[in-house]
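*Asks:* Have a look at this one.
Derivation of every value follows stated rules applied to the coordinates shown; laboratory data play no part. Given the structure is predicted, the values throughout are model-derived calculations rather than measurements. With ideal geometry, Cβ positions are generated from the backbone for all residues, glycine too; neighbour counts draw on all protein chains shown.
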């Protein structure tokens, strides 16, 4: 008998996670019994020691790492009423949490001798407060982990352990955002934003053999908007869509996907081919969004969008050629776009795109005060536009700075100036020090609204796999391997493909060994 008729299967798997540590508590009886406790079911007879919360008392628990899901509270015979507050930092777990997009604070009424579950977000810490009038007695509190049960089949290992840890943390970050679809951030916004998705797609492709979520997310967005409409109501996000489709196709060779949506791609590219003036200047309509730091800088935003649109047209031409469709419009659009080279106004995001697309080499902007004005979103493109040695130093200083202050996943935004006088995110706020989570942030991610598990920050992982390990897919079925170790002594790792992993080992002598699975052809970059 099948009981699953008309049900939609969740693509994720559910696990339980015991508490790792008690950060602080109000002298709660037996509170240490929560640590490592694997009990998931209440008992009626011969109960284990009960954890007793007097009225008004609370405890902050640390699960040891950021994860997506919620908690299960296993209560005793008394029941009770509690306030639950989740946090990606201790500060968020005890502060005034922002409730936008996901509920971080809630009152729960506990059942008598039962279980209650709550939460649907990324967090690491939780504070439980007895807001009832009687003692609260519980058996245990468990984390409920809800995530895609897929293996990390890619790898990166080098002579620099800090870089190795950053690669793993970057992949963990994007995995947290791989829920029903690819979210921008699994605490907030929990939405499928096309612009945010491009670095996430690149991270997924360098680490996972199962890349089905990419197609699921792209097709979800196509169902929400016609090709003559801007994706997410942002015209520039449609540019990222075509770029992402081509990058996915090069790595996957998924002919069925591109053939299924050929007319959609063609219609979108026809529309955007008309967004170029006769002088070559892009004239994409509103809403025109590059990134938050440049949203009000008209000159910088124009420079970035000019390069982004050229990138879209180059990818679009290759896509239409593969589909044997007319690509003359996008070629003419490219020719016009190359005639106009705006100045990035000293801003690093547009300078990176200008450099990557070949419109102009603006590494001078990227290397000016190189550890400032960096972006977790555009960090991937900044790294690609730099030489390898300074790029590796930026990864270690910038993304490594988050690790130094307690990150187990990378953040929506970060500035090295924030850590000059800040406490660790695993610590309660300290008098005389800045609160690293609550006191900083910009634009739409100020204070505790700031997401500390944001997929667009995974850029170091694809950069290390593509540039340092040297594995790139310039065309479907083709792979180029050109390791660039910078100052590293050795590098080894693999990148998954539908045919099996591409494995590379290289050392500082310039020699390397590569294993390429049947079905892929190795080519030189010049042949792309």
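*Asks:* For region 396-463, what is the convex hull (Cα atoms) projected area averaged across all directions, in square nanometres? Could the numbers behind the result be given before it?
*Replies:* Values: hull surface 18.5 nm².
Its average projected convex-hull area is 4.6 nm².
*Asks:* A follow-up question, please. Enter the angle in degrees (range 0 to 90, nearest 10) between the Cα long axis of helix 235-252 and the first principal axis of the Cα atoms of the chain, meaning the one along which they spread out most.
*Replies:* 90
*Asks:* Which value in Å does the Kirkwood hydrodynamic radius of region 1-41 take, with 1/r averaged over all unlike C-alpha pairs and then inverted?
*Replies:* Working: mean 1/r = 0.0716 Å⁻¹.
Computed over region 1-41, the radius equals 14.0 Å.
*Asks:* Using a 7 Å offset from the Cα along the Cα-to-Cβ direction at both residue 41 and residue 482, what is the distance between the two label points in nm, to one decimal?
*Replies:* 6.0
*Asks:* Still on this structure: Percent relative contact order of region 13-147, based on C-alpha pairs within less than 8 angstrom and at least six residues apart? Present the calculation step by step, with values, prior to reporting the outcome.
*Replies:* Values: 366 pairs, mean separation 53.1, N = 135.
Computed value for region 13-147: 39 percent relative contact order.
*Asks:* A further question follows. In percent, how large is the relative contact order of the chain, given Cα pairs closer than 8 Å and 6 or more residues apart?
*Replies:* Values: 1138 pairs, mean separation 81.4, N = 528.
Worked out over the chain, it gives 15 percent.
*Asks:* Let me ask you something else. For residue 270, project a label point 7 Å along Cα to C-beta. Then give me every residue of region 321-340 with its amide nitrogen under 14 Å of that point.
*Replies:* The answer is 325-330.
*Asks:* Under the 0.36 nm per residue contour assumption, what length would be gained going from the current alpha-carbon distance of residue 416 and residue 396 to full extension?
*Replies:* Details: separation 20, 0.36 × 20 = 7.20 nm, distance 1.16 nm.
Length difference between fully extended and current span is 6.0 nm.
*Asks:* Taking the beta-carbon count within 10 Å as an exposure proxy, list 155, 509, 78 from fewest neighbours to most.
*Replies:* Details: 155 20, 509 9, 78 16.
Listing 155, 509, 78 from fewest to most nearby Cβ atoms yields 509, 78, 155.
*Asks:* What is the distance in Å between the Cα centres of region 485-511 and region 310-374?
*Replies:* Cα centres, region 485-511 to region 310-374: 28 Å.
*Asks:* Next question. What do you get for the angle between helix 262-273 and the principal long axis of the chain? Use alpha-carbon atoms, 0 to 90 degrees, nearest ten.
*Replies:* 70
*Asks:* Here is a further query. If one takes the longest principal axis of the Cα atoms in the chain, at what angle in degrees, from 0 to 90 and to the nearest 10, does the Cα axis of helix 212-224 lie?
*Replies:* So the inclination is approximately 80 degrees.
*Asks:* Normalise the Cα radius of gyration of region 13-147 by 2.2 N^0.38 Å (N = residues in it) and let me know the number.
*Replies:* On the way: Rg = 13.5 Å, N = 135, 2.2 N^0.38 = 14.2 Å.
In units of the globular-protein estimate, region 13-147 measures up at 0.95.
*Asks:* Let me ask you something else. At a 10 Å Cβ-Cβ cut-off, how would you order 89, 212, fewest neighbours first? Mind showing how you got there, number by number?
*Replies:* On the way: 89 29, 212 11.
Going from sparsest to densest Cβ surroundings: 212, 89.
*Asks:* If N is the number of residues in region 471-527, what value comes out of its Cα radius of gyration divided by 2.2 N^0.38 Å?
*Replies:* Numbers: Rg = 11.4 Å, N = 57, 2.2 N^0.38 = 10.2 Å.
Relative to the rule-of-thumb radius for its length, region 471-527 sits at 1.12.
*Asks:* Let me ask another. Can you give me the three principal axis dimensions of region 27-75 from its C-alpha atoms, in Å, biggest first?
*Replies:* 34, 25, 16
*Asks:* Next question. Return the tail of the calculated pair distribution for the chain, meaning the percent of Cα-Cα pairs more than 42 Å apart.
*Replies:* Working: 33009 of 139128 pairs.
Tail fraction, whole percent: 24.
*Asks:* Work out, step by step, the length gained on full extension between residue 325 and residue 404: first 0.36 nm times the residue separation, then minus their alpha carbon distance; give nm to one decimal.
*Replies:* Numbers: separation 79, 0.36 × 79 = 28.44 nm, distance 5.08 nm.
Result for the pair: 23.4 nm of gain on full extension.
*Asks:* Would you list the P(r) distribution for region 131-265, with all Cα-Cα distances sorted into 5 Å bins from 0 and each bin expressed as a whole %?
*Replies:* Reading upward from the zero bin: 2, 9, 17, 18, 17, 12, 8, 5, 4, 3, 3, 1, 1.
*Asks:* Now for a separate question. Where both partners of a DSSP beta bridge lie in the chain, what percent of those bridges are antiparallel, to the nearest 5? Walk me through the numbers on the way to the answer.
*Replies:* On the way: 64 of 68 bridges.
So the antiparallel bridges amount to about 95 percent of the total.
*Asks:* Another one. Would you mind putting 156-164, 10-18, 243-251, 198-206 in packing order, based on average other-beta-carbon counts within 10 Å, highest first? Could you put the intermediate results ahead of the total?
*Replies:* Numbers: 156-164: 18.1, 10-18: 14.2, 243-251: 22.0, 198-206: 27.0.
The packing order, highest mean first, is 198-206, 243-251, 156-164, 10-18.
*Asks:* When 332, 301 are ordered from fewest to most other Cβ atoms inside 10 Å of their Cβ, what list results?
*Replies:* 332, 301
*Asks:* With each run of n ≥ 4 DSSP H residues scored as -39500 (n - 2.57), what mean residue ellipticity at 222 nm is computed for the chain after dividing by its residue count and rounding to the nearest 500 deg cm²/dmol?
*Replies:* Working: 15 runs with 153 residues, N = 528.
When only DSSP H runs of four or more count, the value is -8500 deg cm²/dmol.
*Asks:* Taking N as the number of residues in region 352-510, what is its alpha-carbon radius of gyration divided by 2.2 N^0.38 Å?
*Replies:* Details: Rg = 17.8 Å, N = 159, 2.2 N^0.38 = 15.1 Å.
The value comes to 1.18.
*Asks:* Take every Cα pair under 8 Å in region 344-412 that's 6+ residues apart, average their separations, divide by the length, and report that relative contact order as a whole percent.
*Replies:* For region 344-412, the relative contact order is 29 percent.
*Asks:* I'd like the distance between the alpha-carbon centres of region 233-263 and region 4-45, rounded to an integer number of Å.
*Replies:* Here the answer is 41 Å between Cα centres.
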